[in-house]
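The values are calculated or read from the model by the stated rules, or taken from the named source; none is laboratory data. From a predicted model like this one, the values you see are computed outputs, not experimental measurements. Note that each Cβ is placed from the backbone with ideal geometry, even for glycine, and that neighbours are counted across all protein chains shown.
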Amino acid sequence: MPNFSIVAVSGSLHSPSKTTVLAREILEGFAAALRSGQGDDLEVETHLIELSDIGREFSGALSRSDLSPIAEEALRRIESATLLVVASPVYRASFTGLFKHVFDFVGQYALIDKPVLLAATGGSDRHALIIEHQFRPLFGFFQALTLPIGIYASDNDFAEYRVTSLDLQERIDLAVSRALPLIRLNVAEADSIARYLQGQH
């Protein structure tokens, strides 16, 4: 079993998608950094949830019991992840409605202290504050540990659904490097607690 699970959620409703490309770049950046950590014996698993693929599994559901097995599996991946990467295109000045609908089903206490990297895409830099005005309050409700550097990308950062902007790649690298010490500390504390609890039995 992997002992470090990175799950990325792309709230884009379309495929191909710049948002999904960004989420994958961040996911792979974290995985590469964690796997190359000196002295670490760490097995890393990555998973990308694309709402353009499974979004219909959530539509029409009013409670978690209404969800299909596919949707339930996606929620369980989100809730059990060691690290979350969440991304959405800007739509009507916020994340997509389907993105919010999915997180409406996530357990209220399932993300407490879970590291979450926030990311978004939009047509121009005018929408960059979505990370602070929309994402952080949502994951603050969950008492998640939102990482200090969020990543916003505009259309100019991509060409043919590839990241072509050196500036964006540098922002991804910086966000990953700044987050790693915090993530490692979070994982170490969780491991210590688990070992302590095991010792009580």
Selection from region 65-88 of residues touching a helix residue (DSSP H, G or I) at 6+ places or on another chain (Cβ under 9 Å) and either under 19 Å from F139 (Cβ atoms) or modelled with pLDDT under 95 (or both) yields A74, L75, I78, T82, L83, L84, V85, V86, A87, S88
So is A8 closer than 29 Å to D125 by Cβ, at pLDDT below 95 and out of contact with any Gly (no Cβ under 7 Å at 6 or more places or on another chain) or not? no
Being at pLDDT below 95 and either part of a helix (DSSP H, G or I) or farther than 25 Å from P181 by Cβ (or both) is the filter here; which residues of region 32-58 pass it? A32, A33, L34, R35
Determine, yes or no, whether L117 is in contact with a helix residue (DSSP H, G or I) (Cβ under 8 Å, 6 or more places away or on another chain) and either under 23 Å from R171 (Cα atoms) or of a type in the set (D, E) (or both). yes
So for region 149-166 (the condition being surrounded by fewer than 17 Cβ atoms within 10 Å (Cβ to Cβ), of a type in the set (F, W, Y) and more than 24 Å from E50 (Cβ to Cβ)), does at least one residue qualify? no
For region 1-15, give me the residue count where each residue is closer than 17 Å to Y91 by Cβ and over 11 Å from the mean Cα position of the chain (by Cα). 4
Answer with yes or no whether L180 is modelled with pLDDT under 95 and either closer than 29 Å to S80 by Cα or surrounded by fewer than 13 Cβ atoms within 10 Å (Cβ to Cβ) (or both). yes
Name the residues in region 100-129 that are of a type in the set (S, T, Y) and in a strand (DSSP E or B), would you? T121
Those residues that are closer than 22 Å to D173 by Cβ and surrounded by 20 or more Cβ atoms within 10 Å (Cβ to Cβ), I need them from region 132-144; list them, please. F135
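Residues checked against (1) among the aliphatic types (A, V, I, L, M); (2) surrounded by 14 or more Cβ atoms within 10 Å (Cβ to Cβ); (3) in contact with a Pro (Cβ under 9 Å, 6 or more places away or on another chain):
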position: S12; (1), (2), (3): no, yes, yes
position: D66; (1), (2), (3): no, no, no
position: A74; (1), (2), (3): yes, yes, no
position: R77; (1), (2), (3): no, yes, no
Answer yes or no: is there a residue in region 68-84 that is closer than 19 Å to Y152 by Cα and under 16 Å from the mean Cα position of the chain (by Cα). yes
Can you pull out the residues in region 133-147 that are under 9 Å from L118 (Cα atoms) and either at pLDDT below 95 or of a type outside the set (V, I, T) (or both)? F135, R136, L147
Which residues, taken from region 68-94, are within 24 Å of E28 (Cα to Cα), out of contact with any Phe, Trp or Tyr (no Cβ under 7 Å at 6 or more places or on another chain) and part of a loop (DSSP other than H, G, I, E, B)? A81, V90
